[in-house]
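Structure first, commentary second.
Each reported figure results from applying straightforward, stated rules to the coordinates on display, with no laboratory input. Keep in mind that what you see is a predicted model, and the values were worked out from it rather than measured. Cβ atoms come from the backbone with ideal geometry, glycine included; neighbour counts cover every protein chain shown.
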Amino acid sequence: MNRKEYAKRRREMSGKPIEELIEKLSSEDLQTRFFAEICLRDAAST
């Protein structure tokens, strides 16, 4: 994953509701779990 793909995926996930991000933490896909955790941390720090 390059920098542009990372930024795009993070933007896409950051618009999701917290409940959906929490659900994604149990995903089988490692990248999905990673981005869900990053976005939850972002949401919690605001």
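Table for the structure above
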| quantity | calculated |
| --- | --- |
| Qualifying residues in the range 23-46 (those that are of a type in the set (D, E, K, R) and within 21 Å of GLU5 (Cα to Cα)) - the one surrounded by the most Cβ atoms within 10 Å (Cβ to Cβ) | LYS24 |
| Pair list, Cβ < 6 Å and 6+ apart or interchain, from the range 20-33 residues that are among the polar types (S, T, N, Q) to residues that are surrounded by 12 or more Cβ atoms within 10 Å (Cβ to Cβ) | SER27/ARG33; THR32/LYS24 |
| Enumeration of residues in the range 1-28 that are hydrophobic (A, V, I, L, M, F, W, C) and either farther than 15 Å from ALA44 by Cβ or not in a helix (DSSP H, G or I) (or both) | MET1, ALA7, LEU25 |
| Some residue of the range 9-22 being touching an Asp or Glu at 6+ places or on another chain (Cβ under 7 Å) and surrounded by 13 or more Cβ atoms within 10 Å (Cβ to Cβ) | yes |
